[in-house]
Amino acid sequence: MKLQKVFARPASLAEISFHFCPGCHHGIVHRLLGEAIDTYGIREKTIGVPGVGCCVFLYDYLDIDVCEAPHGRAPAVATGFKRVLPRNVVFTYQGDGDLGAIGMSEVVHTANRGENITVIFVNNGVYGMTGGQMAPTTLLGQQTTTSAFGRDFHRDGYPIRMTEMLATLEGVAFAARVTLHNAAGVKKARKAVMKAFEMQLNNMGFTFVEFISACPTNWRLSPEEATARIDDEVLPYYPLGIYKERKSPDYL
Amino acid sequence: MSERQMMKGSVALAEGAVAAGCRYYFGYPITPQNDIPEYLSVRLAEVDGVFIQAESEIASINMLLGAAAAGARAMTSSSGPGISLMQEGLSYMAGSELPGLAVNITRIGPGLGGIAPSQGDYFQATRGGGHGDYHVIVLAPNSVQEMYDLTIKAFELADKYRNPALILADAILGQMKEPVLLHDAPQRVPGKEWALKGAPVGLPTKRIKSLYLKDDEMEKHNWHLFRKYSQMREEDTMVEADLDEGMEVLLVSFGSCSRMVQSAVRMARDRGLKVGYIRPISLFPFPGDALREASEKAGKVLTVEMNTGQMWDDVRLNLAPGCSARLLARPGGGIPTPGQILEEAEKMIKAGDEVAKSIC
Amino acid sequence: MYYDVILSGFGGQGILLIGDLLAHAAMLEGLHVTWMPSYGVEMRGGAANCTVVISSEKIGSPITDEPCGLIAMSNPSLLKFQGKVKKEGLMVVNTSLVDSQLIERGDLGTVPLPANEIAYQEVGEHKMANIVMLGAFLAGSGVVSMEKVEETVDSFFEGGKRKNIPLMVKALRRGFQHQKEGMEHAG
């Protein structure tokens, strides 16, 4: 029997080892992006716009053209790209703080304009790069380096559900929340990324995929415990699913 | 188009952008610069361009960043507070070496201030304005014709140096109408091999970024940027001078204020006074050499500004040794009248050498 | 040659328009010219004025402290600017709207000009008071020729507004005539 290659590194994923912490899910998101880019054969026309935070490692890991954006501004930068290069594929790659706090205005208005770009949102409930501070997505009661006594809604407000919120906007073509903490989740996540890119290629409008991810380092948990926490605490507040999938290019 | 047309400064600036091949505008409304987006929202549609009213100045400057990184000539415009919000993006653009144009039709500050003419944003414009060790190219028109011409020039310089450029003007220049001669020749946008358009097979992918975390990388990058600023000083300093043989005082001013100074110079010469006049057109790079030479001939220098004294710092840094210098300052929407300027110039001619004193 | 004039009144009276026409005509004469508006806070009902500077040489300041001429179409604008007009300067005052008793500059020999009545009764269109004022100013100042202003009026308007051109020309000429006769009468 001849051996067949059934699993390989996507060509658009650079030949570099990830420096992400053990148990971090950013690596999987990168891989899924690489797979989608390879599948659609769009490596030559894809431009990535990562935000600030652990996202900046994307500069090195994906073998595509990449442009930096100031913290939170990736959707605006991506808008500039897409308006100049409407036939290219443009995506942003943003974390909780980048997208849900400082960049809330940019993502909401980019979505509302129905910009034909894809926003990849990695929700791990903390500011990973800067040392695990409270994020807009941090769960109530969750201890972080800036919510030592646990997130308290009287002081800190409630965790924001970005996918549900964006799904209400007419400009949004696709909004889904997926998880990466088990194989079934990764499979669905792959489908969601493929769908988002496909819809962008079909000029359907703004597409959004939120990834529930683990940050064991800043959660102060082992990778295994972090996985369990996603089931026990995170998913009950952030239900998975496709919140919006438009069938035609625009509302009208 | 060889005939002169009466045109508002803001409209001339917008036409200059179109003539320069700019097809992308991103901006947010603020008085007194609204004529620019209003006009371009129609004008860009006529040339298959893109006009986006962004949700904020922060978004505007970052859309400009993206469009510039994609290789396009693109612009934004705003006024004082909005330009403050853009400083982060301008810093990133300077760090990432991206060309683009921002226009500041200034307001009075600090804070919400007022909408009358002011030159209070000179420091912000010429010192970089945001965080880090950088400068933007700053051009200061003083006529409607220059609103047109210098906008084209700003795009050229931005592309030449891969650096953001800024037009610094005010409500006088934005609202005033004067005859303008528009140029026939359309500008060609130079090829930008560094721009991101997706990497063709077989060619390496590219990065546009200002982040350099490895040892020594950032120091090298800062020196690289510094060399560009030095080259700007040598090759692209712009100045207007109207010197007088045997002049007894040299008047220095920029932008709209220089128009009042020009009137004062004419009045002074009518009275037989020997006065010279020099106007920095590029505020960065600042025409220090030209000022030094002229000040050496005059011995006395009167700086006139519509702020409490900002270009005054650059003037004093670039005076010939032994010159006496005074400042006539009118902040907060005050406009120095030609008569007032003439009076100060006369005082200075009569007075002995008083070094570095300001008149407020 | 140098001439500067402040045109002033309420927003909605067409002050900026007559400034525009004057400036445009000066350009057609081959002169240097600037037009500088100053809006009230409200576009209508508030004060509106603009300054037009015309010169055979390059123009410095586009604003003026001591204008050669003033066109005043409201009480507040007369009160604000009449003190600034140069000695032997020109003041054209719309006495349909401005209280003649407020005119303090006797030295200027101002001709009373009921522009609204002239526009209504002689031109047949009450909205042409501003154009009547411009015509009077041309007669008083001689700064640009009536011919160039009429040429400007003809080139300035497009579409439906073109139907008003004959009336505008009439208004210009009526204003011109009144000012001229008034000046002759005053000697």
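Overview of results
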| item | result |
| --- | --- |
| Cα pair distances of the range C:140-187 binned at 10 Å [whole percent] | 24, 46, 22, 7, 1 |
| Lysine pair number, Cα distance threshold 25 Å (strictly under), the range C:58-185, separation 8 or more or different chains | 19 |
| Once the Cα gyration tensor of chain A is diagonalised, semi-axes √(5λ) in Å | 27, 23, 17 |
| Spatial separation of Cα centroids for the range A:94-108 and the range A:165-192, in angstrom | 17 Å |
| Approximate shape of the range B:240-359 as ellipsoid semi-axes (Cα gyration tensor, √5λ), whole Å, largest first | 17, 17, 14 |
| For residues of B:254-261, the mean tally of beta carbons on other chains within 10 Å | 2 |
| Taking the C-alpha atoms of the range C:2-186, convex hull volume expressed per residue in Å³ | 110 Å³ |
| Residue-wise HN-Hα coupling along the range C:152-157, computed from phi with Karplus coefficients 6.51, -1.76, 1.60 (Hz; x: Gly, Pro) | 4, 4, 5, 8, 7, 10 |
| Volume per residue of the C-alpha convex hull in the protein assembly as shown, rounded to whole Å³ | 201 Å³ |
| Most mobile of B:96, B:282, B:256 in a GNM of chain B (Cα contacts under 10 Å) | B:96 |
| Longest segment of chain A lacking trypsin sites (Lys or Arg not before Pro) that sit in a DSSP loop with at most 15 other Cβ atoms within 10 Å | A:88-219 |
| Per DSSP, loop trypsin sites (Lys or Arg not before Pro) in the range B:176-266 with at most 14 further Cβ within 10 Å | B:188, B:214 |
| Fewest-first sequence of A:199, C:183 by Cβ atoms within 10 Å of each Cβ | C:183, A:199 |
| Chain B: calculated mean residue ellipticity at 222 nm from DSSP helix runs of at least 4, using -39500 (n - 2.57) | -12000 deg cm²/dmol |
| Dipole in debye (nearest 20) - the protein assembly as shown, about Cα centre, beta carbon charges: Lys, Arg +1; Asp, Glu -1 | 1680 debye |
| Chain A, helix-only ellipticity at 222 nm - DSSP H runs n ≥ 4, -39,500 (n - 2.57), divided by all residues, nearest 500 | -8500 deg cm²/dmol |
| Cα extents of chain B along the three principal axes, largest first (Å) | 73, 51, 39 |
| Burial ordering of B:311, B:232, C:1, B:306, fewest other beta-carbon atoms within 10 Å first | C:1, B:232, B:311, B:306 |
| In the range C:3-97, the GluC sites (Glu not before Pro) that fall in loop regions by DSSP, at most 14 other Cβ within 10 Å | C:42, C:57, C:88 |
| Fluctuation leader among B:225, B:283, B:196 - chain B, Gaussian network, Cα springs under 10 angstrom | B:196 |
| Those lysines that a straight Cα-Cα span of less than 23 Å connects to residue B:192, excepting residues fewer than 8 apart in one chain | A:45, A:82, B:153, B:160, B:206, B:209, B:220, B:228 |
| Within 10 Å of each Cβ in B:193-201, the average number of Cβ atoms from other chains | 6 |
| Of A:192, A:184, A:78, the one that fluctuates the most in a GNM where chain A has Cα springs shorter than 10 Å | A:184 |
| B:277, A:237 arranged by Cβ crowding within 10 Å, fewest neighbours leading | A:237, B:277 |
| Exposure rule at most 15 other beta-carbon atoms within 10 Å, DSSP loop GluC sites (Glu not before Pro): chain B longest free segment | B:4-192 |
| Neighbour cut-off at most 13 other Cβ (10 Å), DSSP loop, trypsin sites (Lys or Arg not before Pro), the range C:59-143 | C:87 |
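Where a number appears in this text, it was derived from the coordinates with a stated rule and is not lab data. Computed from a predicted model, the values in this text were never measured in an experiment. All Cβ positions, glycine included, derive from the backbone under ideal geometry; neighbour counts span all protein chains shown.
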